[in-house]
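The values are calculated or read from the model by the stated rules, or taken from the named source; none is laboratory data. Just so you know, these numbers come straight off a predicted model, no measurement behind them. Note that each Cβ is placed from the backbone with ideal geometry, even for glycine, and that neighbours are counted across all protein chains shown. The area values use the complete protein model at the heavy-atom level, side chains included, leaving out ligands, DNA and RNA. Shrake-Rupley method; radii C 1.70, N 1.55, O 1.52, S 1.80 Å.
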Amino acid sequence: MIQIKEISKSFGGKKVLDQVTMRLDQGEVVVVIGPSGSGKSTLLRCINALEQPEEGEVWLCGQNMATADLNHIRSIAGMVFQQFNLFPHMSVLDNLTLGPKIVQGMPLKEAKDLARALLHKVGLADQSSAFPHQLSGGQQQRVAIARALAMKPKVMLFDEPTSALDPELIGEVLAVMRQLAEEGMTMVVVTHEMGFARSVANRVVFMDQGKIKAQGPTERFFNAPSHPRLQNFLSKVLNH
């Protein structure tokens, strides 16, 4: 589904990604962890063509991102950000129908039926006429997930989707993500939620200073970390 070949990316002379290589198979859930500034979010943005790597290649569903149609790519790979990025002047239902109507040319009735089904899926069937400011942070993030799913993506990318939420709201967002994983959605998740990583990920990737320093099957990754930098990182986050 995703093949990343030796990509590098710099901002202002600082190398944020340094020769990163990674692959993701269909139905796999990969969680990316690491300290702030390690390149995790930039990696996701390169997969979704929000950033272009200066070196290397990103392939998504057999297409080279350097030459692919971006609207098509972004309908294949849905992305959920830290901030919810909902359109504040539009109702929840209108937020969900906009992409399918404009980008995919879906008829309005079909787009509304899909939107209502997705709102039911994320536990917000009764909020279709609400506006974003009337919702909690957790509800807004669940709407953002439903909006990404409305494009019928083959891959979902999550960039620290719970980091802007109050602790008591995190669980409701993770529950939706867990359900997607159980249904076989291919997912790349950047998160600090180690419990989620342990229970949902097939594989965990540890990034530091723009490089992948360690990766492996989830159980071995947490129970027998081999890289000293990873051992140090886990000792801090797991005992926090």
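At a glance:
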item	result
Segment Glu168-Leu98, extension gain: residue separation times 0.36 nm, minus the distance between their alpha carbons	22.2 nm
Protection-proxy order for peptides 137-148, 189-200, 78-89, each taking the mean of Cβ atoms within 10 Å per residue, highest first	137-148, 189-200, 78-89
Lysines with Cα under 29 Å of Lys154, excluding same-chain neighbours fewer than 8 positions away	Lys5, Lys9, Lys40, Lys101, Lys109, Lys112, Lys121, Lys211, Lys213
Asn71-His227 pseudo-label distance in nm [points 7 Å out on the Cα-to-Cβ vector]	3.9 nm
Relative contact order (%) - region 71-212, alpha-carbon pairs under 8 angstrom, separation at least six	29 percent
Assigned charges on the beta-carbon of Lys, Arg, Asp, Glu; region 133-240 dipole about Cα centre (debye)	440 debye
Table column - 3J(HN,Hα) (Hz), region 85-91, Karplus curve with 6.51, -1.76, 1.60, x for Gly and Pro	6, 7, 6, x, 8, 10, 5
Charge dipole (the chain, unit charges on Cβ, about Cα centre) - positive-most of Thr21, His133, Val188	Thr21
Accessible area of the chain belonging to carbon and sulfur atoms, whole % at 1.4 Å probe	49 percent
Solvent exposure of the chain as accessible area per residue, Å², 1.4 Å probe	46 Å²
Surface accessible to a 1.4 Å probe, Asp126 within the full protein complex, Å²	120 Å²
Spin-label pair His133/Ser10, simplified geometry with 7 Å Cα→Cβ offset, distance in nm	4.4 nm
Centroid-to-centroid separation of region 122-189 and region 1-16 [C-alpha atoms, Å]	27 Å
Cβ-based net charge around Glu54, under 12 Å, with every Lys or Arg adding one and every Asp or Glu removing one	-3
Assigned charges on the beta-carbon of Lys, Arg, Asp, Glu; the chain dipole about Cα centre (debye)	200 debye
Rotationally averaged projected area of the chain (alpha carbon convex hull; nm²)	13.1 nm²
Positive minus negative residues near Val200 (Lys, Arg vs Asp, Glu; Cβ under 13 Å)	-2
3J(HN,Hα) from dihedral phi, region 7-17, Karplus parametrisation 6.51/-1.76/1.60, rounded to Hz, x for glycine, proline	8, 10, 8, 10, 10, x, x, 9, 6, 8, 10
Karplus-derived 3J(HN,Hα), 6.51/-1.76/1.60, for each residue of region 190-195, Hz, glycine and proline x	8, 7, 9, 7, 5, x
